[in-house]
């Protein structure tokens, strides 16, 4: 997919929301260059496992010593030939080491500079450390989620904050800034806070509270399990079904197929929800998950099976959608990975060749930015790049 072909991205991060953003941009055609620290000085950066973040699909790599003046100059020259820079340092660090927005802007006024952080570049919590669970907690997500066996907010099964609150948030902001640049020929500084993204994921509940004073929690609203028509039910074989029959016609269809037609009229009767949940729970325990799926899923009931990761990977619907592609690693061999999410458009059919651990594309990256062979050799000799 080449919707964004021709744009170049410098990514100074290796994992987290910034890496998710650059993966999205690469999948849509941007040329991404990962800038990592040099190993010679023992500088550290978390290296993702070989199959993570699209396994480096659409990405080239270079190692640069940002502690040296020549290293910073190298990044400045790369930035002159780039459209976007993404970083995920703690607020203030990029500026302190010489690769902040104003420093890069002096070399490329049209650059779109995206800072990703947990809590944003300013505010009382800006310097807090954190991970996905912390951002979900701060943004209200955990408090509205289900409860574990001990009654505590349950840990979600995916990195919702990093992916949606951070990575997708950053990718959308970057594309919007590039569209704006087409109109006014100016770059932009983007302060992408993951907690801001989570807060917007919570907009239905937050906006309701701001407007009415009603606070949503587990089991207190339609979308958090208050009504029997929206929940998860166990099946005879230990599986589970997700029921989302919000509309009256869908719930009526479900009640009819379960043989409890009379309950349809009580769908939103607050006084009868315990009764409805008990009846539905008992009914669903009468058959195995897949038997219920065969009976209900295609009958306008909004019922789906709760699938595990292995089941998802073998699911015929995702296969038909081209949701997985082939990749090859020089050590680990062939494996499947998630395909780009391209809104149903054509996907790359050729297997992606994954780079070996520690491999770089330094000479090619620098050459494309205008460095000649003599300069590249000197930078390598002096340990400025690897």
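The values are calculated or read from the model by the stated rules, or taken from the named source; none is laboratory data. Remember, it's a predicted structure, so these values are computed and weren't measured experimentally. Neighbour counts run over all protein chains shown; Cβ positions are idealised from the backbone, glycine included.
Residues that are at pLDDT below 90, over 27 Å from residue 164 (Cα atoms) and not in a helix (DSSP H, G or I): does the stretch 27-39 have at least one?
For the stretch 27-39, residues at pLDDT below 90, over 27 Å from residue 164 (Cα atoms) and not in a helix (DSSP H, G or I): present.
What helices (runs of 4 or more DSSP H) lie completely within the stretch 298-385 and have 2 or more residues being under 30 Å from residue 230 (Cβ atoms) and under 27 Å from the mean Cα position of the chain (by Cα)?
In the stretch 298-385, 309-313, 316-320 are the helices (runs of 4 or more DSSP H) which contain 2 or more residues that are under 30 Å from residue 230 (Cβ atoms) and under 27 Å from the mean Cα position of the chain (by Cα).
Find the residue count for the stretch 166-207, including only residues that are assigned to a helix (DSSP H, G or I), under 16 Å from residue 87 (Cα atoms) and in contact with a helix residue (DSSP H, G or I) (Cβ under 6 Å, 6 or more places away or on another chain).
6
If residue 195 passes every condition in (1) crowded, with 18+ Cβ neighbours inside 10 Å; (2) outside the structural domain of residue 279 (by TED's automatic domain parsing); (3) more than 28 Å from residue 90 (Cβ to Cβ) but one, which one does it miss?
(3)
Return yes or no: is residue 293 assigned to a loop (DSSP other than H, G, I, E, B) and touching a strand residue (DSSP E or B) at 6+ places or on another chain (Cβ under 7 Å)? Write out each step before concluding.
Working: assigned to a loop (DSSP other than H, G, I, E, B): no; touching a strand residue (DSSP E or B) at 6+ places or on another chain (Cβ under 7 Å): yes.
No, not satisfied.
Select from the stretch 336-368 the residues that are crowded, with 17+ Cβ neighbours inside 10 Å and at pLDDT 95 or above and list them in ascending order.
362, 365, 366
Can residue 243 be described as assigned to a strand (DSSP E or B) and either touching a strand residue (DSSP E or B) at 6+ places or on another chain (Cβ under 9 Å) or not assigned by TED's automatic domain parsing to the domain that holds residue 156 (or both)?
Spelling it out, residue 243 is indeed assigned to a strand (DSSP E or B) and either touching a strand residue (DSSP E or B) at 6+ places or on another chain (Cβ under 9 Å) or not assigned by TED's automatic domain parsing to the domain that holds residue 156 (or both).
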